[in-house]
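Remarks on the structure that follows.
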């Protein structure tokens, strides 16, 4: 795995020139990309969600596009549409914004459920169909979606079936005092265009390397113990799904890669678990944070941290 150490170091170092004081969030975003998952960022406006997406796209060297979700956005605005070419007397397909390697779906919960579904289907299948014709999406294909708090005017709650399509859910939160001071001192800030990028094939090789990361039977048993606890303890509205288990495994492998290891440790699972359950597990009765739920799981299963 040391073969990929320079690439991972470059991504982290370059990203932190723009996204200040958010090393954990950058690592989590990178782990979502490496594992071929998708990322959901839930936060109030102005926290740097778009900046994080643009920075990561630039550093990874991927083609980037952004869709602003609104209540009048149509599925065809995302995936594209067939139109009649009068000169050639044939139908031609005009690709939508989804045909990019790195897509920012901004404020996804401001659009109708039908429009949201068009995006989420493409995320799952890595392809779209228009009038019976299938079109493959670029490879790699990575989506970062931002979601405003449900309490804001003009937003709609995403159903759990759609939330489950995202491997991770994170929040950026307010920057630290020092990071914010550096942001305010504009003369000290780097420009996104000045960042160095990976070569076109290097981002894909990071994803391809994931299959080489070793997962022991003990790690598989730990994942199943976590699943069983969430399903059988009666502490949560619903337990974790099999898709969530697959996310735990793939994201743990990606986290191990970022930590420059070729094998998964229990600590890798514990590091990413709060961000995997953030949008999947809801405690019954008293509200609990993802970290509190993670600690609850660790305590009941007697996992050595």
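Which percentage, to the nearest 5, of the DSSP beta bridges contained in the chain is antiparallel? Expressed as a percentage, antiparallel bridges in the chain total about 40.
If R0 is 30 Å, the Cβ-Cβ spacing of residue 160 and residue 304 corresponds to a FRET efficiency of close to 0.45. Fewest neighbouring Cβ atoms within 10 Å first, the residues 270, 103, 206 line up as 270, 206, 103. Shape analysis of the stretch 72-154 based on the Cα gyration tensor places the equivalent ellipsoid semi-axes at 26, 15, 10 Å, largest first.
The modelled label-to-label distance between residue 66 and residue 94, using points 7 Å beyond Cα along the C-beta direction, is 2.3 nm. Which whole-percent values make up P(r) of the stretch 1-92 when all C-alpha to C-alpha distances are grouped in 5 Å steps starting at zero? Percent of Cα pairs in each bin: 2, 10, 17, 19, 15, 10, 8, 7, 6, 4, 2, 0.
Short-range pairs are left out: with C-alpha atoms under 8 Å and at least six residues apart, the relative contact order of the stretch 213-301 is 33 percent. Using only Cα atoms, tell me the angle between helix 217-232 and the longest principal axis of the chain; keep it within 0 to 90° and round to the nearest 10. Roughly 90 degrees between the two axes. May I ask you to derive the FRET efficiency for residue 212 and residue 85 from their Cβ-Cβ distance with R0 = 45 Å, giving the value to the nearest 0.05? Plugging the Cβ-Cβ distance into 1/(1 + (r/R0)^6) gives 0.45.
Could you grab the relative contact order for the stretch 2-206? Cα pairs under 8 Å, six or more apart, rounded to a whole percent. The normalised contact order for the stretch 2-206 reaches 32 percent.
The ranking of 184, 240, 137 by Cβ neighbour count inside 10 Å, starting from the fewest, reads 184, 137, 240. Modelled label positions at residue 220 and residue 295, each set 7 Å beyond Cα in the direction of Cβ, lie 3.3 nm from each other. Residues 177, 236, ranked from the fewest to the most other C-beta atoms within 10 Å, line up as 177, 236.
Of the three principal axes defined by the Cα atoms of the stretch 213-301, the extents in descending order read 40, 23, 21 Å. Using the Cβ-Cβ distance between residue 199 and residue 135 with R0 = 25 Å, the FRET efficiency computed as 1/(1 + (r/R0)^6) comes to roughly 0.45.
Bear in mind that the values in this text are calculations on the coordinates, not laboratory data. Treat the numbers as computed from the prediction; the structure is a model and nothing was measured. Positions of Cβ are backbone-derived with ideal geometry, glycine not excepted, and every protein chain shown enters the neighbour counts.
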